[in-house]
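Below: the structure, in structure tokens.
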Amino acid sequence: MSRSFKIDRKYVPMLATICLFVAGYVIGAIQYPGMARPQTFFNLFIDNAFLLIASTGLTLVILSGGIDLSVGAVIALTSVAAAYLMEHTGLSSLIVIPLMLLMGAAFGALMGGIIHVFKVQPFIVTLAGMFFARGMAFFISLDAITITDPFYRTLSLARIHLIGKSFVSVHVIIAFVVLAVFMYLAHLTHFGRTVYAMGGNEQSARLMGLAVGRTKVLVYTLGGFCSALAGLVFSNNLLSGHGLYANGLEMEAIAAVIIGGTLLTGGVGYVFGTMFGVLVNGLIQVLIIFNGELSSWWTRIVIGLLTLVFILVQSTFASMRRRQASIKPARKRPAAASDGLAAPDTPPS
Amino acid sequence: MADSDQVILTMKGISRAFPGVQALQDVDFNLRRGEIHALMGENGAGKSTLIKVLTGVEAPDTGVITLEDKEVQVRSPQHAQELGISTVYQEINLCPNLTVAENILIGREPRRTGRIDWKRMNAQAVDILERVDIGIDVTQTLGSYSVAIQQMVAIVRALDVASTKILILDEPTSSLDTYETDQLFSVMRKLKGQGTAIIFITHFIDQVYEISDRITILRNGKLVGDYDTNSLTHLELVSNMLGRTLVELDSVSKSRSKLVADGHTSDPVMQARQLGSTGAIDPFDLDLYEGEVVGFAGLLGSGRTEIANLLFGVDKPDHGTLAYNGKAVKKFSPLSSIERGVALSPEDRKAAGIVDELSVRENIVLAMQANRGWLRYLSSAKQTEIADKYIKMLNIVTPSPEQPVKNLSGGNQQKVILARWLATNPQVLILDEPTRGIDVGAKTEIQKLVVSLAEEGKTCIFISSELEEVLRTSDRIVVLRDQEKITELTGDEMNETLIMQTIAGS
Amino acid sequence: MAQSKSFWKRFVDSQIFWPLVALGLIMLFNAFFTPNFFKLEIKDGHLFGSLIDIINRGAPLMILAIGMTMVIATEGVDLSVGAVVAISAAVATVLINPALGQQLIASDKLVENVTATPLPVVILAALLVSALCGLWNGLLVSRGNIQPMVATLVLMVAGRGIAQLITGGQIITVYFTPYFFIGNGYLAGVPFTLFLVAVVGIFTWLLTRKTAVGMFVESVGINVKSSFYSGVNEKNIKLLVYVISGVCAGIAGLIVSSNVKSADANNAGLGFELDAILAVVIGGTLMTGGRFSLAASVIGALVIQSMTTTMYAIGVPAMAAQAVKAVVVMVVILLYSEQFRNVANRVFTRKEVRS
């Protein structure tokens, strides 16, 4: 087993997703000329910017060994609350936007706090959080609210031109900034490495003197922040807010994270991979639209199957690793081990 | 006290009581710079309590700890680390998904303008590992290395986190094989040479002699004494640890010796031919006859548990054949073994034995019910009857059969598991470490039970780390080393010296 | 006297006690704040009233909670029940109305009171498909060694897509009176759904308490390895509970679609998985598996349903009621949490010491 192969292996799930996306897109472009247009490609980012933001936040939560099921509900709540504040209280979007981000972060912090202090499973707490957020959205308004705030409208329509006539929205820029920040956080800060450590073995992380509790609360806080930001982008896109928006989106986000190569049990994966998870999700929708014959529900089925494949591959990997670890190599191949190690004082009998 | 300047730590008059137990009573302990000091004792002797007092997990009721001539009170594990006392546990408390470098340096990562400087971190990790002569790729995940390496990374981390003066190794070798143990020992010697004082806790007597300079022995919460390793014989060590003469069961064994002398007239109950499983146990032959106790002697990881698991069908062999009453075994699973009349009381009582929240009654009937299948449910009256029968027979101390088994003491839990298997009326009973971690009284009861079961015509396999226990109960002893069945000893060959020599491979 | 005291103590200690207290509190609240809450009327020989309504509307949830209890007892969870409800509803309605809904939505007159498939076949087919869904989950968990939450997530994501595939993306309406009976009928003056709950409840009770299945389920939930070593076929036990959960979801799907006389692949059974899990949690079965009580979960389901109904009664909009439910449920879970109990214990013991 050569060294380079080993290094490759931890990237395998993410590389597989990237290949899947590229291959899928190329095949699509050959089949449907419309897909070869640059704008179709950029639309993929425009349409999925909010999902990318939400999934990025969720990636960190999942890496820490947790889960956040409240993503979709917080998006809906943010959209309604923002719309209500702008339309019915006349607050400027410049105040509403930071307020909403603060609300999302506070909501995440609350959930993280309960998970940490009361040791309740994250899955239960965020489930309740999901109910709560969606319910609150309907407390604010039962109907959809259209947003007329001028700055919000400008932001929504702003186009950033790239090659030729093709463009992306501001949302894409926001999404990429979030992605970059989270990549930095995950791989180049002590906080990020603590997140990975917790996902690998929380008990050990605690015994290693890492601030597990604080990190956990912070992870959910960032998750809530991302959901709120995704909610703003979502409502900015549609220029309205409604409690029914983003129904079941948490599942799409989880699927994107898993397809992006992150282990659902935590500790293994890359924030960068999540982007491709989101893109694969978008690509399937695009392919189905271009195909024209397949109905939209195939998206869900295909996403479900892809998620399954990734889960199966990862669980196979995990059991392979376990088996390797359980087989004691030393006696069978002392030579292999000793090339890296100083020869022990007494050679093995 | 010529070398009192060498003493780094003294613990004097340490006592600690828990409800119902005097865990430590007036224990003295001292440790010198640059020595490897073995702390020995049976389970329940007070070793772990002493370590907990030293590392600030438990506060002593009385007693004084002096570290480098200063009296200290260790308030918490963190405080212990600040004082330079680090512990590495048997279960490696590191993160397998992080790289080796991270595992060593997380919390103190070198940074450049706020962000982690991976290059420097890896270089530092390599440096630190080189200090103990380990040269491995630190950018690989920890999980991709063997347990031994992981253990050494844990040690290195412990040394590096604080300027460790005292390193406590709590049964570090339990899951290591001989070669890995040697690796660990060379690291320990290296550290010793650098002046670190090491407290080494282990069950393996030969390892104590191989590595330690001094031995402190505890028994029932009291200090037996501390000795220079060179001046203490094996027998003295064992008898100091056990603190009792070895007569109790001798009479039982002797009355049985004629049975063995008769030789095996009947056909074997179980017959393994070149049975083996890659990576667990090399192919072996084994015949088991009616009415005998076969002891397995060997260290942990020598293959004794692996053979038990194969015979019981927990693991599937990839080599050879197994026959039961002359018929070839095709299906390897616990259930099919139970149907055949084979039973296994597993090594790890907590993880694979008891179902802790179920009642004593349910725990006793579980295997019997599994054998009957889900439809032929034993009525609760019948279940209680069975449970009562075995509670009486095995003298299980429990307020009622409805008591959750987790509330019972270790010895009684072990008896519940024995009851579970006796209820299935097995022909072959495999007992893997049935006396581990239980009090002496229960130990003797279980040993007697094994012998009497054999007298009834059952076949018993008795596996234990305690050699003299195997010697006393067995009619025949299979010696294992290094995942290999080395030999079978009978009659006069069955003596401690020969077995030890065989195990040691000399 | 001593006898009755020990009975009382047993009752207080039993898993069913606290869910009953919760139910009692909600009822008490209603006694004061909801007019006519306890009023029962007999119209056309049928019982009517808020209480009957709770039982009738809560029936699918009670049935789901029964299946979910067994899954959770094995330290699992079934997130796909909502999707399976939709699949079951889709299968049933498509078999009754094979025209895939196209012209039928426009005019009910075209197919009045007919079915394309005999009702027993419809029911059997729906339950069979649901059982297959459960089998799929069970195989992934027991044979694929995938975490239950992850394994059932797959069907949760894909399940609604499958339901839409079956219905062709339409909301299928049916007009077939015998089918309506399942969700709306009355038998001996009480809703038929109550009988369904009773049948499912008795069946699962017999299965878990009069055969060894219950003991095996608890044993597997507490310690898989010990169970395996004791000869319990832990894989098949896991398989079984997911199949049961699937069938329960299938029955719930029949009730739901019969109730609204249609199947909507997107919305049928939406959020049911969450309600069912919460019912089990309120019922005191731990998410970490082990000891379970079917009756306590059924009462947990009633707690959730009566909470919902109460909120409707005092004018909280249906969707907004979720928020209140979430808060109540969170409080219940925190009360069950060890940390909270430790704090409570400390407070109590300190008081005792002082006094």
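The values are calculated or read from the model by the stated rules, or taken from the named source; none is laboratory data. Predicted model only: the values in this text are computed from it and were never measured. Note: ideal-geometry Cβ built from the backbone for every residue, glycine included; neighbour counts use all protein chains shown. With ligands, DNA and RNA removed, areas are computed over all heavy atoms of the protein, side chains included. Shrake-Rupley method; radii C 1.70, N 1.55, O 1.52, S 1.80 Å.
Which listed residue (A:SER92, B:VAL269, A:ALA318) has the Cα farthest towards the positive end of the charge dipole for the protein assembly as shown, taking +1 on Lys and Arg C-beta and -1 on Asp and Glu C-beta about the Cα centre?
Of A:SER92, B:VAL269, A:ALA318, it is A:SER92.
Could you give the size of the charge dipole of region B:342-425 about its Cα centre, using +1 on the Cβ of each K and R and -1 on the Cβ of each D and E, expressed in debye and rounded to the nearest 20?
Here region B:342-425 has a charge dipole of around 220 debye.
Can you work out the FRET efficiency for the pair B:GLU71 and B:LEU375, with r the C-beta to C-beta distance and R0 = 60 Å, to the nearest 0.05?
About 0.30, to the nearest 0.05.
Identify all aspartates and glutamates with a Cα-Cα distance to B:LYS458 below 18 Å; exclude those on the same chain that are fewer than 8 residues away in sequence.
Once the sequence-local aspartates and glutamates are set aside, what remains near B:LYS458 is B:ASP262, B:ASP267, B:ASP287, B:GLU290, B:GLU292, B:GLU339, B:ASP432, B:GLU445, B:ASP475.
Once amide H atoms are built 1.01 Å from N in the peptide plane, which residues 5 or more positions from B:ILE486, or in another chain, come under 5 Å H to H?
Answer set, sorted by chain and number: B:VAL479, B:LEU480, B:ARG481.
Over chain B, calculate the relative contact order: mean separation of alpha carbon pairs under 8 Å at least 6 apart, over the residue count, as a percent.
Worked out over chain B, it gives 14 percent.
Taking 0.36 nm per residue of separation and subtracting the Cα-Cα distance, what length does fully extending C:ILE314 through C:LEU270 add?
Separation in residues times 0.36 nm, less the Cα-Cα distance, equals 13.5 nm.
Compute the acute angle (0 to 90°) between the alpha-carbon long axis of helix A:3-31 and the principal axis of greatest extent of the alpha-carbon atoms of chain A; round to the nearest 10°.
40
So which of A:LYS119/A:LYS216; B:LYS47/B:LYS190; B:LYS350/C:LYS9; B:LYS316/B:LYS485; B:LYS389/B:LYS448; A:LYS119/C:LYS9 end up more than 21 Å apart, counting from Cα to Cα?
As for pairs spanning more than 21 Å Cα to Cα, those are B:LYS47/B:LYS190; B:LYS350/C:LYS9; A:LYS119/C:LYS9.
Let me spell out the model: positive unit charges on the Cβ of Lys and Arg, negative unit charges on the Cβ of Asp and Glu, origin at the Cα centre of chain A. What dipole size does that give, in debye rounded to 20?
Rounded to the nearest 20 debye, it is 1380 debye.
Quick check on region A:10-319: take the gyration tensor over C-alpha atoms, sort the square-rooted eigenvalues as a ≥ b ≥ c, and tell me if it's rounded (a/c under 1.5), prolate or oblate.
oblate
With the cut-off at 1.5 for a/c, could you classify region B:5-93 from its C-alpha gyration tensor as rounded, prolate or oblate?
rounded
Could you tell me what percent of the DSSP beta bridges with both partners in the protein assembly as shown are antiparallel, to the nearest 5?
Antiparallel: roughly 65 percent of the beta bridges in the protein assembly as shown.
How would you order B:93-102, A:207-216, C:126-135 from highest to lowest mean count of nearby Cβ atoms within 10 Å?
B:93-102, C:126-135, A:207-216
Just to be sure I understand the model, the point goes 7 Å from the Cα along the line to the Cβ. What's the resulting A:LEU157 to C:LYS9 distance in nm?
Reported label-point gap for A:LEU157 and C:LYS9 is 7.7 nm.
Please name which of C:ILE72, C:THR211, C:GLY144 has its Cα lying farthest along the dipole of region C:54-315 towards the positive end, using unit charges on Cβ (Lys, Arg +1; Asp, Glu -1) and the Cα centre as origin.
Sorting the options by dipole projection puts first C:THR211.
Taking 0.36 nm per residue of sequence separation and subtracting the Cα-Cα distance, how much length would be gained by fully extending the chain between A:LEU99 and A:GLN31, in nm to one decimal?
Fully extending the segment from A:LEU99 to A:GLN31 adds 19.9 nm.
Decide, for chain C, between rounded, prolate and oblate: order the square roots of the alpha carbon gyration tensor eigenvalues as a ≥ b ≥ c, take rounded if a/c falls under 1.5, and otherwise choose prolate if a/b is larger than b/c, else oblate.
oblate
Please state the charge dipole magnitude for chain C, taken about the Cα centre, from unit charges on C-beta atoms (+1 on K and R, -1 on D and E), reported in debye and rounded to the nearest 20.
Here the size comes out at about 1080 debye.
Along the charge dipole of the protein assembly as shown, which of A:MET130, B:SER379, A:PHE276 sits closest to the positive end, that is, farthest toward it, with unit charges on the beta carbon of Lys, Arg, Asp and Glu (+1, +1, -1, -1)?
Going by the charge dipole, the pick is A:MET130.
Across peptide A:113-120, how many C-beta atoms of other chains are within 10 Å of each residue C-beta, on average?
Mean number of neighbouring Cβ atoms from other chains: 4.
Using 15 Å as the cut-off for backbone N distance, which residues of region A:10-27 belong to the label zone defined by a point 7 Å from the Cα of A:THR316 along Cα→Cβ?
Within reach of a label on A:THR316: A:12-14, A:16-17.
Between C:VAL190 and B:ASP206, how high is the FRET efficiency from 1/(1 + (r/R0)^6) when r is the Cβ-Cβ distance and R₀ = 51 Å? Nearest 0.05.
E between C:VAL190 and B:ASP206, to the nearest 0.05, is 0.10.
I'd like the mean, over residues of B:351-360, of how many other protein chain beta carbons sit within 10 Å of each residue's own Cβ.
6
In nm, what is the difference between 0.36 nm times the number of residues separating B:THR113 and B:THR490 and their Cα-Cα distance?
Here the segment from B:THR113 to B:THR490 would lengthen by 128.6 nm.
Using only Cα atoms, locate the centre of region B:459-506 and the centre of region B:365-417, then give the distance between them in Å, rounded to an integer.
So the two Cα centres are separated by 33 Å.
Order the following by accessible area, largest value first: A:HIS171, A:HIS88. Probe radius 1.4 Å; ligands, DNA and RNA are ignored.
A:HIS88, A:HIS171
Mind checking which aspartates and glutamates have their C-alpha under 17 Å from C:LYS325, skipping anything on the same chain fewer than 8 residues away?
Reachable aspartates and glutamates: C:GLU273, C:ASP275.
Compute a Gaussian network model of chain A, connecting alpha carbons closer than 10 Å, and tell me which residue from A:GLY282, A:GLY273, A:GLY135 fluctuates the most.
It is A:GLY135.
Normalised by the residues of region B:1-133, what does the relative contact order come to in percent, with Cα pairs under 8 Å and at least six apart?
Result for region B:1-133 is 19 percent.
Give me the distance in nm between label points sitting 7 Å out from Cα along the Cα-to-Cβ direction at B:GLU385 and B:GLN78, one decimal.
6.0
Please work out the FRET efficiency for the pair C:ALA116 and C:ASP53, using the Cβ-Cβ distance as r and a Förster radius of 35 Å; give the result to the nearest 0.05.
The formula returns an efficiency of 0.60 here.
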